[in-house]
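Notes for the one structure printed next.
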Amino acid sequence: MADPAIERKVIDGFQFPLGTYPTESASPAAAYTVQFEAADGSDPAAFTGANFGEDLEEWPDRYVFDILVSHERLRALCRALFAFLPGRFYPILDILGHDAYREIDPYIAYELVGSEKFYDALRFFDPFLFEDGLVGFGAMSVDPFFYVFVDEHKVVTLRVVPEMKEKAEKLLAAFDLRPVEELASVDSVSHEHRGVIVSPDDRPEMLTPDEIIERFRDNWLLQLNIDPATNLDADGNELGITAWQCITRCTPSDEDKQDSYAEVLLMAANLGDAEEIAAEAVSPKDTKTPEWDEIEVIRADRLTLEQLDDWLPESKRGPEKKAGLLDLRWLSGGPLAKKKKKSE
């Protein structure tokens, strides 16, 4: 549920999403830009900010449209664009996450997902997708090539092959949109981002943002789209061994029992190693520990040593640069279960 206390910002009739708004004078205008992109292979940064498509064929020549509409028309525009997708495609989700060395957590499906699962999520999690200033989402298909993505500013990016350019322009004209040299979006001026989802303690049935992301990972078959064998910061620098906070979900073999969640603090040289250490930490060690049918790391975030100290004092950590388990804490309820850090 979106926080009812948040008021929508409107400038000259142009409505902004609840989760992102200008903090200085702005003159937003519904319009679009278009430019040609030549086939250049599977360029990770060009699409989701990550590594999707490294093993696919070269991306074709395409036109890229960046589209801005007043927020009351965003859903209708997205429905019209998503209608161009085939019955099965690859959903995309970007989250401004918790990782200390990466601003955005880029998720994408590596398996084709049926359109009904995509549209079900659009309906059920509407405020999270269309209003939240920390979330971007979209989908793409490879055959035929088609890409549409709504970023955290709720600017829509569309990529189509040249033979679809005229059809795309006609659709945008139907929304009274005209081409311009540069968009006057919220990203053009100083602005703020905020999450809009609220989950009061007295309404346990209402999902937290972390629980919503878990649902998306399950239903859209999403994977964190980074190289699991490296440990890079946002500038591409290798970090070596760092601290990690992993949240694991353990599904019991007994179908009558609920999933269990654990927070695992560890040191590791990359995502792959961190997931292995976390999975081993929650694996049964004796006959008294329940057997798990499946162990999945549903979140893996790197921490600075200062952040780690909020969770685990230095006196309990041992050698700072040695890979391995630091601490294991079983959680009640869903991921993080509204658990707060010591500093909070």
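Please go through segment 130-141 and give me each residue that is under 11 Å from the mean Cα position of the chain (by Cα) and over 14 Å from W220 (Cα atoms), ordered by number.
L134, V135, G136
Just to be sure, is K167 surrounded by fewer than 19 Cβ atoms within 10 Å (Cβ to Cβ), basic (K, R) and in the same structural domain as L96 (by TED's automatic domain parsing)? Considered against the rule, which asks whether it is surrounded by fewer than 19 Cβ atoms within 10 Å (Cβ to Cβ), basic (K, R) and in the same structural domain as L96 (by TED's automatic domain parsing), K167 comes out as yes.
A single member of A139, A184 is among the hydrophobic types (A, V, I, L, M, F, W, C), outside any helix (DSSP H, G or I) and modelled with pLDDT of 95 or more, and it is A139. When K316, K321, K338, K342 are checked against the criterion of being surrounded by fewer than 12 Cβ atoms within 10 Å (Cβ to Cβ), outside the structural domain of E103 (by TED's automatic domain parsing) and either touching a Phe, Trp or Tyr at 6+ places or on another chain (Cβ under 8 Å) or at pLDDT below 65 (or both), K342 stands alone in meeting it.
Quick one: is G87 modelled with pLDDT of 95 or more and touching a Ser or Thr at 6+ places or on another chain (Cβ under 9 Å)? Yes. The single condition among (1) in contact (Cβ under 8 Å) with a residue 24 or more places away in the chain; (2) surrounded by 21 or more Cβ atoms within 10 Å (Cβ to Cβ); (3) farther than 15 Å from A80 by Cα that L129 does not satisfy is (1). Looking across segment 279-304 at every residue that is more than 26 Å from the chain's Cα centre (by Cα) and in a strand (DSSP E or B), the one that is nearest to I108 (Cα to Cα) is identified as D293. Can you find even one residue in segment 158-167 that is in a loop (DSSP other than H, G, I, E, B), under 17 Å from I92 (Cα atoms) and among the hydrophobic types (A, V, I, L, M, F, W, C)? No. With respect to A168, determine if the residue is at pLDDT 95 or above and at negative phi. So A168 fits the description; yes.
The values are calculated or read from the model by the stated rules, or taken from the named source; none is laboratory data. Not measured: the values here are computed from a predicted model. Every residue, glycine as well, gets a Cβ built from its backbone with ideal geometry; the counts of neighbours run over all protein chains shown.
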